[in-house]
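The values are calculated or read from the model by the stated rules, or taken from the named source; none is laboratory data. The structure presented is a predicted model; accordingly, all values stated were derived computationally and were not measured. Cβ placement follows ideal geometry from the backbone for every residue including glycine, while neighbour counts extend to all protein chains displayed.
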Amino acid sequence: MMKTLMILAHPRLEKSVANKRIADEIKNKIDDVEVRDIFSLYPDYKIDVEAEQQALINADTIIFQYPFWWYNMPAILKAWFDEVFDFNFAYGPEGNKLKGKNFQLSFTVGGPAEAYTPTGYNHFRIEELTKPMEQTAYMAQMNFLKPIYEHGMVYVPNVYNTQEAVEARADQQLERIISVIDGFKNETPEVQITAFVKDWFAHFDQLAEDGYFTHSLDKDAQLVFPEGEFIGHQGFSEWYSAIKKEIKPDNQHIIESISITPNNEYFNVDLAVKLKAEKYSGEALQLNVKEKWKVEITKEGNVKIHTYKVKAV
Ligand SMILES: Cc1cc2nc3c(=O)[nH]c(=O)nc-3n(C[C@H](O)[C@H](O)[C@H](O)COP(=O)(O)O)c2cc1C
């Protein structure tokens, strides 16, 4: 199952109409969503970086929900990025923890659409004003989705708008968020397994920690490598610790072909992969392998590997 995390950043939530409604309602509309109201968690701006990073690791899609303030995000969210998108977490040599996750901005804009044009009083288009966030997502190797926002979201009693009109636009904004999330849910097994395979080898490129791999291996998985046969999580770690002693991280697994065929309640995955690596001995390694996997898509919607066979060719 796809896990969604909403980072809600609104320092005056008690006065909010639009963001409050979206954050309250999303829990009734999609399964498996966590809403973290970061201003109420950290009113002193002292962010628990570890807790926030763990919440990110657990999620597939992260929605940043906030009011557009001074053409940007409220300061609490900027502080959150500055602390949480840390070196060797979001970027840097080991900074691949967010790789492949979806990055969705969802904000509410007070001003009207026509103001955000070259001849309007705000001069710039919204998409120009969100460029730093877009690049932040790219730097973290995340999947930047088209920002979702609605205009005319300010409600000032007897001055601007009615509460009902703002709420209706907030509901529209929420519907747009839901349709993005539902789009992920409706992926075919083939699309889902292909994405999984890419992510799996991207983690091998970095020689990621064992937990990433064992998380997707059945506890009794049958593992057949050129180095021998192994069983389950412990078997994987045995094999992997020897590999990590031999080859350096930042290697390259190139997926040359992939074919996925249903096999009763499982799927067979046939792969041709080229590995380019450097050994600690200084020797360059280039290896072509054929892999045969048997995988399942669990009822939670995750890919789980039951059989994993690798043969050098
Ligand atoms: C400090 C502050 C700065 C704001 N800056 C902008 C702005 O730059 N552009 C804009 O269109 N609206 C701006 N607004 C209006 C907010 O975008 C609007 O109040 C908000 O989206 C409404 O959402 P809420 O009901 O959840 O508070 C600003 C409002 C505040 C309080």
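Name the single residue, out of those in the range 69-111 being part of a loop (DSSP other than H, G, I, E, B) and within 16 Å of the ligand (Cβ to nearest atom), that is nearest to His10 (Cα to Cα). Looking at residues that are part of a loop (DSSP other than H, G, I, E, B) and within 16 Å of the ligand (Cβ to nearest atom), I get Pro74.
Taking the range 211-232 as the range and being closer than 25 Å to Thr4 by Cα and part of a strand (DSSP E or B) as the test, the residues that pass are Leu217, Asp218. Pairs linking a residue in the range 97-108 that is under 16 Å from Asp86 (Cβ atoms) to a residue that is assigned to a strand (DSSP E or B), with Cβ atoms under 7 Å and 6 or more positions apart or on different chains, are Lys101/Thr61; Lys101/Ile62; Lys101/Asn143. In the range 143-175, the residue that is nearest to Ile26 (Cα to Cα) out of those that are of a type outside the set (Ser, Thr, Tyr) and in a strand (DSSP E or B) is Ile148. Give the range 17-36 a look and list any residue that's in contact (Cβ under 8 Å) with a residue 12 or more places away in the chain and either within 8 Å of the ligand (Cβ to nearest atom) or part of a helix (DSSP H, G or I) (or both), or say none. Val17, Ala18, Asn19, Arg21, Ile22, Ala23, Glu25, Ile26, Lys29, listed by residue number. Only one of the numbered conditions (1) in contact with a helix residue (DSSP H, G or I) (Cβ under 8 Å, 6 or more places away or on another chain); (2) away from the ligand (no atom under 16 Å from the Cβ); (3) within 23 Å of Ala140 (Cα to Cα); (4) at pLDDT 95 or above is not met by Tyr42, and that is (3). Checked against the criterion of being away from the ligand (no atom under 16 Å from the Cβ), among the aliphatic types (A, V, I, L, M), assigned to a helix (DSSP H, G or I) and surrounded by 14 or more Cβ atoms within 10 Å (Cβ to Cβ), the range 197-210 contains one or more residues that satisfy it.
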